[in-house]
Amino acid sequence: MVAIMSHPKGSVDSEYLQLVAGIVTQHKQRTYALMRIEIGHKVLDVGCGPGTDTIPLAQLVGAAGQVVGADHDVAMIAEADQRSEEAGVSAWVKHRHADAVSLPFESGYFDSSRSERLFQHLSSPERALSEMVRVTKSGGWIVVLDTDWSTMSVDTAEVEIEQRLKRFWTEQSLHNGFAGRQLYRPLKQQRLKDVSVEMCPICVTDYGVHRRGASLDKVERDALPAGIVTGDELQRWHASLEQADAEGVYFPV
């Protein structure tokens with residue numbers, strides 16, 4: 001999600017972000033808790049999208065505080081502003097069009113900052129983290145939640161096809177599909193104190209929701225012309241997943 005990219009890999013729309021927000025609600029709440037937010041705090045959400053998190057964060061800082069969301073997508077910023085108006089929190093919630101690797105904020109301005117499922121879209125996530133560190137006060141808290149797509153799996157007899165599709169998505173369709181596993185190293189390299197890591201497994205047994213959340217349509221559409229799978233293999237893959245869904249045993253992890 002860097003501003004200079006005209007067709008960013010793995011780009012998503014507002015509808016997708018809202019769908020996934022429902023899936024990861026408990027993980028979102030956990031990031032808020034780890035930010036140690038108090039009334040009157042100034043907090044930053046990098047890669048804020050349509051304001052999915054800035055509005056809930058507004059309730060935590062109160063009208064005496066400030067929430068700032070930053071995103072490269074001007075359409076997302078406009079939607080976030082509209083939502084904050086509708087929620088009645090626009091007086092202390094602002095959204096800025098910004099590049100994650102060059103944030104337009106003073107050093108040490110925020111009490112805490114967060115990003116969620118952003119680093120997987122960045123070609124230079126270390127630079128984005130460095131910027132989050134720069135704009136957060138000494139003694140403040142920085143929380144990063146992201147995905148390691150290589151760990152995704154589903155119960156299917158077509159294991160070889162599944163593995164090829166997963167590897168294609170992780171390595172070629174995203175800038176940084178291994179983002180989740182790569183968080184600890186840059187955090188330590190920033191010489192931050194009290195660095196901790198929590199694993200957040202997700203299981204969505206609704207086939208339709210999982211297809212959308214895991215971008216299976218896009219993965220398959222791109223993998224076919226790339227020679228990762230054949231048309232016959234995709235038919236077998238679909239048949240396997242649809243059968244599991246019909247039998248009520250569809251199980252992705």
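Brief remarks on what is shown
- Residues in segment 22-57 that are over 29 Å from ARG212 (Cα atoms) and outside any loop (DSSP other than H, G, I, E, B): LYS42, VAL43.
- Here GLU106 does not fit the description of being assigned to a helix (DSSP H, G or I), acidic (Asp, Glu) and either at pLDDT below 95 or over 16 Å from the mean Cα position of the chain (by Cα) (or both).
- Within segment 143-172, the residues that satisfy the criterion of being of a type in the set (Ser, Thr, Tyr), within 15 Å of GLY213 (Cβ to Cβ) and in a loop (DSSP other than H, G, I, E, B) are THR147, SER153.
- Across segment 152-178, the number of residues qualifying as under 23 Å from THR31 (Cα atoms) and out of contact with any Lys or Arg (no Cβ under 8 Å at 6 or more places or on another chain) comes to 3.
- Entry remark, segment 222-252: residues being surrounded by fewer than 12 Cβ atoms within 10 Å (Cβ to Cβ) and in a helix (DSSP H, G or I) number 4 in total.
- Scanning segment 69-93 for residues that are in contact with a helix residue (DSSP H, G or I) (Cβ under 8 Å, 6 or more places away or on another chain) and not in a helix (DSSP H, G or I) yields a count of 6.
- Total residues in segment 205-219, condition in contact (Cβ under 8 Å) with a residue 60 or more places away in the chain and either outside the structural domain of PHE251 (by TED's automatic domain parsing) or assigned to a helix (DSSP H, G or I) (or both): 3
- Checking segment 15-29 against the condition returns no match, with no residue being aromatic (Phe, Trp, Tyr), at pLDDT 95 or above and out of contact with any Phe, Trp or Tyr (no Cβ under 9 Å at 6 or more places or on another chain).
- No other residue among SER113, SER107 is among the hydroxyl-bearing types (Ser, Thr, Tyr) and surrounded by fewer than 22 Cβ atoms within 10 Å (Cβ to Cβ) apart from SER107.
- Positions within segment 99-127 being out of contact with any Phe, Trp or Tyr (no Cβ under 7 Å at 6 or more places or on another chain), among the small types (Gly, Ala, Ser) and in contact (Cβ under 8 Å) with a residue 40 or more places away in the chain, in sequence order: ALA100, SER113, SER115, SER123, SER124
- Exactly one residue out of GLY62, GLY88, GLY10 is at pLDDT 95 or above, farther than 24 Å from SER107 by Cα, out of contact with any strand residue (DSSP E or B) (no Cβ under 7 Å at 6 or more places or on another chain) and of a type outside the set (Lys, Arg): that is GLY88.
- Members of segment 228-250 found to be within 28 Å of the chain's Cα centre (by Cα) and closer than 24 Å to LEU174 by Cα, listed by number: ILE228, VAL229, LEU234, TRP237, HIS238, LEU241
- For SER138, the conditions (1) more than 20 Å from VAL101 (Cβ to Cβ); (2) out of contact with any helix residue (DSSP H, G or I) (no Cβ under 6 Å at 6 or more places or on another chain); (3) not assigned by TED's automatic domain parsing to the domain that holds VAL24 all hold with the exception of (3).
- Of the residues making up segment 173-204, just one is exposed (fewer than 14 other Cβ atoms within 10 Å of the Cβ), assigned to a loop (DSSP other than H, G, I, E, B) and among the hydroxyl-bearing types (Ser, Thr, Tyr), namely SER196.
The values are calculated or read from the model by the stated rules, or taken from the named source; none is laboratory data. Computed from a predicted structure; not experimentally measured. A quick note on method: Cβ atoms are made from the backbone with ideal geometry, for glycine too, and the neighbour counts reach across all protein chains shown.
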